[in-house]
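**Q** First the structure, which I've put down as structure tokens, then a few questions once you've had a look.
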Amino acid sequence: MIKKLTKDYFNQVRQTLDEISLKEIEKIIEVIRRAYLKKKHIFIMGNGGSAATASHFACDLGKGTLRPKDEKKIKRFKVTSLTDNIASITAWGNDFNYDHVFSEQLKNLISPNDVVIGISASGNSPNILNAIELAKKYKAITIGLTGFNGGKLAQISDVAIVAKINKYDIAEDVHLILTHMITRYFLEKINKTK
């Protein structure tokens, strides 16, 4: 039972990764690269497991792209996870509406050509969609990481990657693998071009 479950799970992750468009990964890396070079801010958000991925990705870009011996010589990413400000999230959720906990935070922070990354396995989380729509009004560049059939997030994002599987756990695993791979790219690229 455990052996079969493990094999099936690994196969589903592998198959879902194999179906990811390398062109879309390249587009996302290029958007993040331009933001880095122009010192633009990157905002990342998600709910539940995707909130944890958003926090993890922000940490990886902000710290994981630095090597200790080089950290003073290297330009840093300007990156914030909107899932990490519990006071703001609960204040907006309680006093206004949970559907706007990310868009209201963005109103205080966003500028043109910043990057806003929404992570949603379903692609239909109202608070993610509202923030992406607000980002577009402010002329920010938007990225969606979704699962299932992509949902509305894939349709309204400037660039989107869809983990084509109808299972939250595997879609979330694929998103985390993608964020690690993107971080690895920048760790190697940044440290080569000091």
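Read-outs throughout are calculated quantities, based only on the coordinates presented, and are distinct from any laboratory measurement. This structure is a prediction, so every number in the text was calculated from the model and none was measured. We place every Cβ from the backbone using ideal geometry, glycine too, and count neighbours over all the protein chains shown.
**Q** Take the alpha carbon atoms of the range 1-44, find their center, do the same for the range 69-116, and report the distance between the two centers in whole angstrom.
**A** 22 Å
**Q** Would you work out which of 83, 166, 28 lies farthest towards the positive end of the dipole of the range 2-192, given +1 charges on the beta-carbon of Lys and Arg and -1 on that of Asp and Glu, about the Cα centre?
**A** 28
**Q** Ok, one more. Nearest 500 deg cm²/dmol is fine: what mean residue ellipticity at 222 nm does the chain get from its DSSP H runs of n ≥ 4 alone, each adding -39,500 (n - 2.57), divided by its residue count?
**A** Working: 8 runs with 107 residues, N = 194.
Mean residue ellipticity, 222 nm, calculated: -17500 deg cm²/dmol.
**Q** Let me know the shape class of the range 95-166, please: from the alpha-carbon gyration tensor, a ≥ b ≥ c as square roots of the eigenvalues, rounded when a/c is under 1.5, otherwise prolate if a/b is greater than b/c, or oblate. Don't skip to the answer; put the middle values down first.
**A** Values: a/c = 2.83, a/b = 1.41, b/c = 2.01.
Cα axes put the range 95-166 in the oblate bin.
**Q** What shape does the chain take by its C-alpha gyration tensor, where a ≥ b ≥ c are the square roots of the eigenvalues and a/c under 1.5 counts as rounded, a/b above b/c as prolate, and the rest as oblate?
**A** Numbers: a/c = 1.62, a/b = 1.08, b/c = 1.50.
The shape class here is oblate.
**Q** Pull up the cross-link candidates among the lysines for residue 189, meaning alpha carbon to alpha carbon under 23 Å and not fewer than 8 places away within one chain.
**A** Filter leaves 23, 27, 38, 39, 40, 63, 69, 72, 73, 75, 78.
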